[in-house]
1. State which entries of K136/K201; K70/K182; K62/K105; K60/K138; K118/K154 exceed 27 angstrom in Cα-Cα distance in the structure shown.
2. When the distances between all Cα atoms of region 130-223 are binned every 5 Å from zero, what whole-number percent does each bin get?
3. For region 36-61 and region 139-163, what is the centre-to-centre distance using only Cα atoms, to the nearest Å?
4. For the pair D135 and D203, how long in nm is the line joining their label points, each one 7 Å along Cα→Cβ?
5. Output ³J(HN,Hα) for region 112-126: one whole-Hz value per residue in order, computed from phi by the Karplus curve 6.51 cos²θ - 1.76 cosθ + 1.60 with θ = phi - 60°, and x for Gly and Pro.
6. Let me know the shape class of region 135-183, please: from the alpha-carbon gyration tensor, a ≥ b ≥ c as square roots of the eigenvalues, rounded when a/c is under 1.5, otherwise prolate if a/b is greater than b/c, or oblate.
7. Determine, for T167, T161, the number of other Cβ atoms within 10 Å of each Cβ, and report the residues in order from fewest to most.
8. Compute the separation of the alpha-carbon centres of region 165-215 and region 83-117 and state it in Å as a whole number.
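Bear in mind that the values in this text are calculations on the coordinates, not laboratory data. Just so it is clear, the model here is predicted, and its values are computed rather than measured. Quick reminder, even Gly has a Cβ in these numbers, built from the backbone with ideal geometry, and neighbours come from all protein chains shown.
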Amino acid sequence: MWNNLSKGLLAAVIAAGGLAAYLFLNQGALRQQANENEKKAQAMEQQLAQAKGEVGKLAKEKEAELAKLKQAQNEMLQSLKKEVEAGEVMVNQLADRLSVKILDKILFASGEATISGKGQNVLKRVGKVLASARDKDKVIRIEGHTDNVPISAKLKEKFATNWELSTARATTVVRFLAESSKIPPDAFEAAGLGEYHPVAKNDTPQSRQQNRRIEIILYPRVQELAKELPKAKEQPAAVEIKPAQ
């Protein structure tokens with residue numbers, strides 16, 4: 001009986017020792033897991049702080065960009081005050097875009113793509129403001145627009161349709177601005193949109209006159225926006241914090 005009791009006590013002691021060893025080892029594993037979770041939490045906090053810093057930086061840059069664009073709008077309005085008051089030029093800022101609409105009558109003779117003396121004077125003033133407002137992340141788009149009156153038979157050999165006329169006028173303005181303002185040629189885009197983007201109904205001489213125009217638009221270069229995508233992909237992914245087992 002004593003032997004059986006001794007064996008039982010011995011087994012109990014061994015079991016208790018095994019349990020203590022198990023608890024000791026498990027406690028070590030729990031401590032290690034807790035340390036890993038703490039490191040991961042710190043890493044996430046650092047990522048969050050970095051992200052907040054980037055957002056704040058971008059917000060300040062955007063605010064400065066819009067302020068610069070607003071200043072350019074004011075300078076353009078002041079430089080073209082006479083033409084704006086006469087309704088020949090319209091200057092507008094929408095978000096991060098600056099638009100200058102110039103009626104064709106002060107730039108070109110009817111059915112022509114050669115810039116008049118008055119038109120050159122206006123474009124020089126426009127180019128001066130654009131040169132100071134533009135940076136490498138901006139593009140200057142020149143759009144040619146017409147009314148819906150078909151090209152006359154007399155002009156058919158030179159311009160088959162309003163598309164050709166609008167394109168010729170847009171490229172002529174681009175070349176003039178590039179040469180007179182010293183803005184790099186790669187900053188420009190030229191597009192002939194013909195009669196297909198009217199701003200007024202083509203049912204009166206006055207409305208058709210509004211549609212015959214050159215639009216000069218300063219806006220962010222698409223390629224620059226695309227460059228931000230790889231940066232976003234390079235950001236470290238959120239880490240997973242595992243619960244202690």
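1. Violating the 27 Å Cα-Cα cut-off are K136/K201; K62/K105.
2. Pair shares across the bins are 3, 14, 21, 19, 17, 12, 9, 4, 1.
3. Region 36-61 and region 139-163 have Cα centres separated by 54 Å.
4. 4.6
5. 10, 10, 8, 6, 6, x, 5, x, 4, 4, 5, 5, 5, 5, 4
6. prolate
7. The most exposed by this proxy come first: T161, T167.
8. 8
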